[in-house]
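A short write-up of the structure that comes next.
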Amino acid sequence: MTSPPIQWYPGHIAKAERALQEQLKKVDVVLEVRDARIPLATCHPQVSQWIGSKERVLILNRVDMIPQIVQQDWTKWFRAAGEQPYFTDAHGGQGISGVAQAARQVGAKINQRRHDRGMLPRPVRAVVIGFPNVGKSALINRLLKRRVVESARRAGVTRQLKWVRISDELELLDAPGVLPSRLNDQDAALKLAFCDDIGQAAYDNQRVAAALVDRIKQILHQSPNLFAEEPLRDRYTLALQPRTGESFVADLAEARYQGDKERAANQILNDFRKGILGAIPLELPPAIDSTALNSLTTGLD
């Protein structure tokens, strides 16, 4: 199934990115939010360049949509890379207190440095950044314990930068989702489309649904013990084998929608995005050095 490459860089994102880079000069700490289902695909390649030596808190949101064992594997992987990830479910509230504590600890360090230089303490300024629809605004609302910024499970809801005060110690800047101007890695672009992290105008639903089925097959092959039941067969009473993703969409269309493949594709995508298919990761941690992994496993016991 051939179609044009997936590209999505609307004008409001380009404008917001320029404003964000200007505001980054004023912030003390960066809260980087990624999608726990695709933590590598939702890593913006320019974030490190933008934030420089500023403090950073790495947040993997939508932890409710991956199995616990995968969360543990990612924790080991990121720690081996020198990172401490914080897993959250911003809509359900899981993990929010850990993020708040991490932000307070960073703030205390910053104000201690100010005190050591003879300066008065002030609220720590933090910015929340990440790809569209990874849950940035929902996270801020949870930290505030009230709805202050607009939040929805679709890309492109936040279009303006907005400062909100969490407490006397912390101010947060809610920023629109940022994307590379060109999605050169089309495998990563597909993952963004699977998770609704880019606008739907950027891709063909049937192609993406077929690719999602193929990706789930690949995950099942890599880690067959992740699921008690085959998630697609359990939902649609259609076995994955020996079907390809494309033939699965076509057969589902024949079985349920009088051959309408667009409706079948939308059903698969919506069921995945809403968690109806279960907790399905679309990325698993790459192999890491065994010595580092052993030491981390000991540290997690």
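Tabulated results
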| read-out | value |
| --- | --- |
| Residues satisfying the stated conditions in region 198-228, i.e. more than 26 Å from residue 287 (Cα to Cα) and out of contact with any Leu (no Cβ under 7 Å at 6 or more places or on another chain) | 199, 200, 201, 202, 203, 204, 206, 207, 210 |
| Unmet criterion (only one of (1) within 26 Å of residue 60 (Cα to Cα); (2) polar (S, T, N, Q); (3) exposed (fewer than 14 other Cβ atoms within 10 Å of the Cβ)) for residue 237 | (1) |
| Lone unmet requirement of (1) closer than 24 Å to residue 272 by Cβ; (2) free of Cβ contacts under 8 Å to residues at least 24 places away in the same chain; (3) part of a helix (DSSP H, G or I) for residue 43 | (3) |
| Unmet requirement for residue 102, which otherwise passes all of (1) touching a strand residue (DSSP E or B) at 6+ places or on another chain (Cβ under 6 Å); (2) within 27 Å of residue 199 (Cα to Cα) | (2) |
| Restricting region 46-55 to residues that are in contact (Cβ under 8 Å) with a residue 12 or more places away in the chain and out of contact with any helix residue (DSSP H, G or I) (no Cβ under 8 Å at 6 or more places or on another chain), the residue that is surrounded by the fewest Cβ atoms within 10 Å (Cβ to Cβ) | 46 |
| Test: residue in region 163-184 that is at pLDDT 85 or above, in contact with a Gly (Cβ under 7 Å, 6 or more places away or on another chain) and more than 19 Å from residue 10 (Cα to Cα) | no |
| Residues of region 59-98 classified as surrounded by 18 or more Cβ atoms within 10 Å (Cβ to Cβ) and on the phi > 0 side of the Ramachandran plot, total | 2 |
| Checklist (1) under 30 Å from residue 227 (Cβ atoms); (2) free of Cβ contacts under 8 Å to residues at least 40 places away in the same chain applied to residue 113, failing item | (1) |
| Residue check, residue 102 crowded, with 18+ Cβ neighbours inside 10 Å, more than 17 Å from residue 138 (Cβ to Cβ) and small (Gly, Ala, Ser) | yes |
| Residues within region 192-208 that are assigned to a helix (DSSP H, G or I) and either over 19 Å from the mean Cα position of the chain (by Cα) or under 18 Å from residue 67 (Cα atoms) (or both), tallied | 5 |
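The values are calculated or read from the model by the stated rules, or taken from the named source; none is laboratory data. These figures come from a predicted structure and were not determined experimentally. A quick note on method: Cβ atoms are made from the backbone with ideal geometry, for glycine too, and the neighbour counts reach across all protein chains shown.
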